[in-house]
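*Asks:* To start, I am sharing the structure in question, which I have written as structure tokens.
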């Protein structure tokens with residue numbers, strides 16, 4: 001890797017952080033470079049940076065590599081580096097701050113990539129595990145820091161209050177819960193839940209979502225987070241689904 005000539009301590013710290021981040025994602029970056037073979041070189045670089053953004057390498061206030069840094073990191077021309085940054089903006093993954101560079105465009109998400117965090121058997125019917133609650137789930141389910149997460153192949157993700165697993169051990173199994181459903185089983189066992197509200201979040205898709213839905217560039221998705229409450233009014237379950245905004249309709253009944 002080419003060393004960058006930086007004299008100020010702040011610049012040196014940024015360079016060190018950048019080198020570490022890119023070393024950690026070297027393999028993923030080369031996968032991106034290979035899968036975009038035959039396309040303009042700047043799209044390969046943009047895909048690699050997009051992968052780092054989705055992986056959380058850059059926070060909301062962390063600048064993306066500058067044009068000069070991209071030139072040195074990837075060994076490309078300044079024109080290619082500039083086009084790579086513009087491609088990120090076009091994809092909705094970054095934005096420019098005048099005089100300060102480019103920054104990741106991050107969106108608060110209710111769900112996490114469960115399949116990437118939970119070890120499941122091949123061809124499992126559901127991915128199941130216990131994880132720290134994502135920020136929005138913590139907000140909707142106050143006082144709960146750890147949740148039981150269950151995701152089915154259709155893309156529906158459920159976040160359970162861990163205490164529900166004592167009443168409904170079936171949620172820990174990697175098998176379908178269709179008939180009876182988890183809500184029906186809880187009702188039978190004396191823990192009825194009712195649908196309380198649905199929060200809709202409009203955001204840009206992750207790279208995986210864009211591929212799964214075959215979205216055109218800069219097409220947003222809608223994330224629907226529905227809460228279910230117990231008899232005490234506390235949220236015990238949150239279901240999250242992601243749908244493409246270019247082929248979905250939302251109905252709102254005002255009462």
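*Asks:* Does any residue of the stretch 26-42 turn out to be buried (at least 16 other Cβ atoms within 10 Å of the Cβ) and either at pLDDT 85 or above or in the same structural domain as residue 217 (by TED's automatic domain parsing) (or both)?
*Replies:* Yes, the stretch 26-42 contains at least one residue that is buried (at least 16 other Cβ atoms within 10 Å of the Cβ) and either at pLDDT 85 or above or in the same structural domain as residue 217 (by TED's automatic domain parsing) (or both).
*Asks:* Can you tell me how many residues in the stretch 216-236 are at pLDDT 85 or above and under 16 Å from residue 47 (Cβ atoms)?
*Replies:* So the answer is 0.
*Asks:* Here is a follow-up. Is it the case that the stretch 208-218 has a residue that's closer than 30 Å to residue 89 by Cα, in a strand (DSSP E or B), touching a residue at least 40 places away in the same chain (Cβ under 8 Å) and not assigned by TED's automatic domain parsing to the domain that holds residue 46? Working first, answer last.
*Replies:* Step one: filter the stretch 208-218 for residues closer than 30 Å to residue 89 by Cα, giving 208-218.
Narrowing further to those that are in a strand (DSSP E or B): none.
The answer is no; no qualifying residue exists.
*Asks:* For the stretch 199-216, does any single residue satisfy the condition of being closer than 30 Å to residue 167 by Cα and in contact with a helix residue (DSSP H, G or I) (Cβ under 6 Å, 6 or more places away or on another chain)? Talk me through it step by step, then tell me what you get.
*Replies:* Residues of the stretch 199-216 closer than 30 Å to residue 167 by Cα: 199-200.
Imposing the further condition that a residue be in contact with a helix residue (DSSP H, G or I) (Cβ under 6 Å, 6 or more places away or on another chain) reduces the set to none.
No; the residues of the stretch 199-216 include none that is closer than 30 Å to residue 167 by Cα and in contact with a helix residue (DSSP H, G or I) (Cβ under 6 Å, 6 or more places away or on another chain).
*Asks:* Out of the stretch 232-249, which residues are in a loop (DSSP other than H, G, I, E, B) and touching a strand residue (DSSP E or B) at 6+ places or on another chain (Cβ under 9 Å)? Quick ask: steps written out before the conclusion?
*Replies:* Keep residues of the stretch 232-249 that are in a loop (DSSP other than H, G, I, E, B), which gives 232-234, 248-249.
Answer for the stretch 232-249, where residues must be in a loop (DSSP other than H, G, I, E, B) and touching a strand residue (DSSP E or B) at 6+ places or on another chain (Cβ under 9 Å): 233, 248.
*Asks:* Separate question: Pairs, please: C-beta under 6 Å, at least 6 apart or cross-chain, first residue more than 14 Å from residue 235 (Cα to Cα) and in the stretch 178-206, second in a strand (DSSP E or B)?
*Replies:* Listed by first residue and then by second, the contacts come to 200/222; 200/224; 201/223; 202/222; 205/221.
*Asks:* Next question. Part of a strand (DSSP E or B), at pLDDT below 90 and more than 19 Å from the chain's Cα centre (by Cα): which single residue out of 96, 124 fits that description? Before you say what the answer is, go through the steps one by one.
*Replies:* Details: 124 fails: part of a strand (DSSP E or B).
That would be 96, the only listed residue that is part of a strand (DSSP E or B), at pLDDT below 90 and more than 19 Å from the chain's Cα centre (by Cα).
The values are calculated or read from the model by the stated rules, or taken from the named source; none is laboratory data. Since this is a predicted model, take the numbers as computed values, not measurements. With ideal geometry, Cβ positions are generated from the backbone for all residues, glycine too; neighbour counts draw on all protein chains shown.
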